[in-house]
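A short reminder: the numbers here are calculations on the coordinates, not readings from a lab. Note that the structure is a prediction, hence the values are computed from the model and not measured. We place every Cβ from the backbone using ideal geometry, glycine too, and count neighbours over all the protein chains shown.
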Amino acid sequence: MSEVFDLKARLTEMGITPKKAFGQNFLVSQFVIKKIIESVRRHEFEDLIEIGPGLGALTEPLLAADLRPRLIELDSDLVAHWRGRGLDVIDADAIKLDWDALALKEPALLVSNLPYQISTHLVIDRCFGPRAIRHMVLMFQKEVAQRLMAEPRTKEYGLLSVMAQLHFKMRKVTDASPGDFFPAPKIASRVLWFERRPEESPGPRFLTLLKHAFAFRRKYLLKNLKGVVDKSKFVRLQEIFAELGLSEKVRAEELTPNQFKDLFTKVNQ
């Protein structure tokens, strides 16, 4: 993949050092880069967004493939570099950004070697939109990727699993070792592909229910949900469990994402 430059040489050339505050671990593996670019090119899209272009491990091959991403970058040095290259750069924190204000054309695709500290927050936020983002190709800490795709009744299964699986279809693209980055992180990584499901999201109140549901994993779900409804409605909650065929002794980790959605719908009728 000759289009991909030596990132270590680019760091020296630009006089930039990785900033720990921004979670900068620059991707240097041409194999992993190739897998990500192939996954991006598998889909048609009207808008392409990249979070954290860094020194261009993904940006350069995207440009070489005649794909012109809009960039979201927080590091002012890198913002200046990419604007100097003539690209549309949004100087902002991807977590604090008003994504609806981007007015993305549908379908849009989001790609990123995500800083680990924002990965779970970003996925949950994108569950709620913009719905124009039809596909995502994102790098995660391997442990987080496993939680995203975890099955019920496993220790990895939780709020993140339910949110992601209810809103997206997912599959593994490739794994990345610490040596695939500079500087090398202490943990392994995994790239996942996402496709938004056509159903409407149940909304932010659903997230509140999940936070209560998984607050104390060993407690029964019914007890954890006391904080979701008024005391006067708690009897109704017990009735809803019966209507859905759920035992009063069921725990949150035993429900599938769709069962959580059915429970939420009943609670809010």
Can you compute the FRET efficiency between SER247 and ASP93 using 1/(1 + (r/R0)^6), with r the Cβ-Cβ distance and R0 = 25 Å? Round to the nearest 0.05.
0.05
Counting DSSP beta bridges in the chain, what percent are antiparallel, to the nearest 5?
50 percent
Just to confirm the number: angle between the C-alpha axis of helix 204-213 and the first principal axis of the chain, 0 to 90 degrees, nearest 10?
70 degrees
For region 173-186, Karplus couplings with θ = phi - 60° (6.51, -1.76, 1.60), whole Hz, Gly/Pro x
9, 6, 9, 9, 8, x, x, 7, 10, 9, x, 6, x, 8
Mean residue ellipticity (222 nm) of the chain, computed from DSSP H runs ≥ 4 via -39,500 (n - 2.57), nearest 500
-10000 deg cm²/dmol
Cβ-based net charge around ARG190, under 12 Å, with every Lys or Arg adding one and every Asp or Glu removing one
+2
Could you compute the net charge surrounding ARG68? Neighbours are other residues with a C-beta less than 14 Å from the C-beta of ARG68; K and R count +1, D and E count -1.
-1
5 angstrom amide H check on THR174, placed H, neighbours 5+ away:
VAL191
Which value results when the Cα radius of gyration for region 204-267 is divided by 2.2 N^0.38 Å?
0.97
